[in-house]
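Input: a single structure, listed below in structure tokens.
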Amino acid sequence: MSDLEYPLTRSNRKKAGKKKKAKKKTKKPLIISFITLLLVGSFAYIFHKELGWAALQLFVEKPFKTALDDSYEPLDEVTGPAVAEEEKDLDPFSMLLLGVDEREGDVGRSDTMIYAVFRPEDHRMLLLSIPRDSYVQIAGRDRRDKVNAAYAYGGARMSVETIEQLLETDVDYYAKVNFNALIEVVDALGGVELPITEPIQNKYKYHIPLYIEANKPIYTGEDALNYVRYREDSDFKRTERQRIFLKAAAERMLQIGNIAKIPEILSIASSNMKTDMTSDFIMDLGKLFYDKEAVPQMTSYMLEGSGKSDGAWYYMLDEDKLEYAQQLVDNWTDASITSDRLMDPEKEEEPVQ
């Protein structure tokens, strides 16, 4: 079933057992993906002393907006681009980042699912990883299945609806990124630093051959893709590697010193992404990067569970950990919560009851 055939709309979503929070009608500034946001932000960071923000906008606004407008794809036919004159705010907002593996003639599945909460005023971000094999109720269908199957059934829209149902919260926006573009982006950056202290290798005969050498100073795009895809140890380790890569890519972006790379990376990123955020708001976050001169402080958590085989292998989520994740999301998306009161799963040992 395609996105357009999926019957639900974001305006009539219902949650079981939990009332949705009241939301402003105006849209908030948002990233479409780490790659594009970091591209805008790192460009601002690198050249702000020489150009200043006004000159920077004059220099890059048109090519950036043109490329990002091509990536705009709302989930609902009735959703239109936000106008530039809309009131903007710094309230927390969420996005679902989908790393998909789409090839010609194949509907694809979401190989990576990360629910992110960004708090612009605090310059902090929560990254909640959802294992791709998590056994969940698929939104709009009378069945349970692996969470990554939602994308195969109904594209980005059904993925969004399914995660909203699972976490009992809103997904404000989404960003879909073709995983295969990661190779080109990392290579355009001149590689990326990764903490690989032992060789990584696929050993199972039914898996694609994969080998990554340890202790290299810089890893290529192919190495990086293999790093985030490797899963012969555990889904927990795999999602941890994805978060490590995001941080490493962010730091690498801020090291870009050659302006000639900007158009190439922009072209790769924009042609391999779809989002329901407009270029105007993406540029707004570029301005935030310019002001902060740093990558947002990142806090990570992963939904945990245990494997179960019943004709197929599933990841059964731990109910207590799922409840904790729901509390975590509520805490981070609440604008009344100050930065010092944010829950930190990296420091808390037990779920909050």
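Since every read-out is calculated from the coordinates, none of them should be taken as a lab result. Model, not experiment: these values are computed from the prediction. When we count neighbours, we look across all protein chains shown, and the Cβ atoms used for this are built from the backbone with ideal geometry, even at glycine.
What the table shows:
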item	result
R0 of 22 Å, Cβ-Cβ distance E213-S267: FRET efficiency to nearest 0.05	0.15
Shape of region 91-183, Cα gyration tensor, a/c cut at 1.5	oblate
Overall form of region 138-269 per C-alpha gyration tensor (a/c, 1.5; a/b vs b/c)	oblate
Net charge, D340 excluded, C-beta distance under 15 Å - Lys, Arg +1, Asp, Glu -1	-1
For region 171-238: rounded, prolate or oblate by the Cα gyration tensor [a/c cutoff 1.5]	oblate
In nm, spacing of pseudo-spin labels at S234 and D318 (7 Å Cα→C-beta vector)	0.9 nm
D_trans [Stokes-Einstein, Kirkwood Rh over alpha-carbon pairs] for region 209-257, 37 °C, 0.692 mPa s, µm² s⁻¹	281 µm²/s
Cα pair distances in region 151-192, grouped into 5 Å bins until the bin that holds the longest one, percent each	5, 19, 19, 16, 11, 12, 13, 4, 0
Gained length - D69 relative to R143, 0.36 nm times residue gap less alpha-carbon distance	23.0 nm
Burial order of peptide ranges 184-194, 149-159, 207-217, 317-327 (average beta-carbon count within 10 Å, highest first)	149-159, 184-194, 317-327, 207-217
Computed label-point distance, nm, for sites E198 and S336 using a 7 Å Cα→Cβ extension	4.8 nm
